[in-house]
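So the structure is just underneath, and the comments pick up after that.
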Amino acid sequence: MTDDFKRKAALAALAELPPEGVIGLGSGSTARLFIAALGELVAAGRRYVCVATSEASRVEATELGMPLLSDDGPWDIAVTVDGADEVSDALDVIKGGGGAHTREKIVNFSSRRNVIIVDASKRSSRLGEQWPVPVEVLPFAHLATRSHLGRLGSPTLRLRDGAAFCTDAGNLIYDVACGPIADPRALDAALRAIPGVVETGLFVGRVDVVLVAHATGVERLVR
């Protein structure tokens, strides 16, 4: 049923797109459904050019024959559509469950509008109620970085198949459990102030529209 909800949100996001232009492609399971739907529009003749937020999204778009801009930028992106791991009542989000949040945040900042697509299970009153904050860090001295992260929460090195997970940039991720976050902007600043931290999965004030799929339809929330 969750996949059905994700598909509903992904399809609803098509209504948020301009008739043509540059579209940012998010990463993850829900964004993958949007990429597939967008690919059908491109195949039918819609003139979209895309910017991918991960190698996985780039591969998905390429396989669908969608034109892509270089990773180097700069870009003038009309809309970026992406998923999220948690969405607060203030429409701030936690991203990074797939490990692509640094690239996602770069593309987000180059977008005129940002649309988040989720199912209802991702809603929380405050960030941190359901999800830790993913923090990408340099491999160099990462245990020292972990000790500093430990002053702000409980950091756990992300593993995959028993080995440290590596991002597309070759960095590591610590998932920092903070509990319900009273001030996401302040926490984001404190985390990013630690030497060795590349980026956090806190997207504060960076979302324009959230599309939430329920059993009865899709709710459109606007900042």
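The values are calculated or read from the model by the stated rules, or taken from the named source; none is laboratory data. Because the structure is predicted, anything quoted here is derived from the model rather than measured. Glycine also receives a Cβ, built like all others from the backbone with ideal geometry; neighbour counts cover every protein chain displayed. Only protein heavy atoms, including side chains, enter the accessible area calculation; ligands, DNA and RNA are left aside. Shrake-Rupley method; radii C 1.70, N 1.55, O 1.52, S 1.80 Å.
Yes or no: Gly128 over 30 Å from Ala78 (Cβ atoms), within 16 Å of the chain's Cα centre (by Cα) and surrounded by 13 or more Cβ atoms within 10 Å (Cβ to Cβ)? So Gly128 passes the test.
Suppose we filter the range 58-104 for residues that are among the polar types (S, T, N, Q) and farther than 30 Å from Thr156 by Cα; how many remain? Spell out the reasoning first.
Here is the first cut: in the range 58-104, the residues among the polar types (S, T, N, Q) are 62, 70, 80, 88, 102.
Then keep just the ones that are farther than 30 Å from Thr156 by Cα; that gives 62, 70.
Qualifying residue count, the range 58-104: 2.
The residues listed here are Val79, Val51; of these, the one that is farther than 23 Å from Asn171 by Cα and either in contact (Cβ under 8 Å) with a residue 60 or more places away in the chain or touching a Ser or Thr at 6+ places or on another chain (Cβ under 8 Å) (or both) is Val79.
So that you can scan it fast, the table gives a plain yes or no per residue for (1) open to solvent by 20 Å² or more (accessible area, probe 1.4 Å); (2) within 25 Å of Arg123 (Cβ to Cβ):
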| site | (1), (2) |
| --- | --- |
| Val137 | no, no |
| Arg146 | yes, no |
| Leu152 | yes, yes |
| Thr156 | yes, yes |
| Pro180 | yes, yes |
| Ala193 | yes, no |
| Gly201 | no, yes |
| Gly205 | yes, yes |
| Arg223 | yes, yes |
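Answer with yes or no whether Thr80 is open to solvent by 30 Å² or more (accessible area, probe 1.4 Å), polar (S, T, N, Q) and in a strand (DSSP E or B).
Numbers: open to solvent by 30 Å² or more (accessible area, probe 1.4 Å): no; polar (S, T, N, Q): yes; in a strand (DSSP E or B): yes.
Criteria not met by Thr80.
If you go through the range 172-223 and keep only what is out of contact with any strand residue (DSSP E or B) (no Cβ under 7 Å at 6 or more places or on another chain) and acidic (Asp, Glu), you end up with just Asp183. Note on the range 207-221: among residues that are open to solvent by less than 20 Å² (accessible area, probe 1.4 Å) and β-branched (Val, Ile, Thr), the one that is nearest to the chain's Cα centre (by Cα) is Val207. The one condition from (1) more than 14 Å from the chain's Cα centre (by Cα); (2) of a type outside the set (D, E, K, R); (3) at positive phi; (4) open to solvent by less than 10 Å² (accessible area, probe 1.4 Å) that Gly96 does not meet is (1). Checked against the criterion of being modelled with pLDDT of 95 or more and open to solvent by 10 Å² or more (accessible area, probe 1.4 Å), the candidates Ala120, Ala186 yield just one match: Ala186.
Any idea which of Ser70, Ser57, Ser88 is among the polar types (S, T, N, Q), touching an Asp or Glu at 6+ places or on another chain (Cβ under 9 Å) and either within 30 Å of Asp183 (Cα to Cα) or at pLDDT 95 or above (or both)? I'd like the intermediate steps shown before the answer.
On the way: Ser70 fails: touching an Asp or Glu at 6+ places or on another chain (Cβ under 9 Å); Ser57 fails: touching an Asp or Glu at 6+ places or on another chain (Cβ under 9 Å).
Sole residue among the options that is among the polar types (S, T, N, Q), touching an Asp or Glu at 6+ places or on another chain (Cβ under 9 Å) and either within 30 Å of Asp183 (Cα to Cα) or at pLDDT 95 or above (or both): Ser88.
Considering Leu25, Leu17, Leu69, Leu91, the condition of being more than 30 Å from Pro132 (Cβ to Cβ), touching a residue at least 40 places away in the same chain (Cβ under 8 Å), surrounded by 18 or more Cβ atoms within 10 Å (Cβ to Cβ) and out of contact with any His (no Cβ under 9 Å at 6 or more places or on another chain) is satisfied by Leu17 alone.
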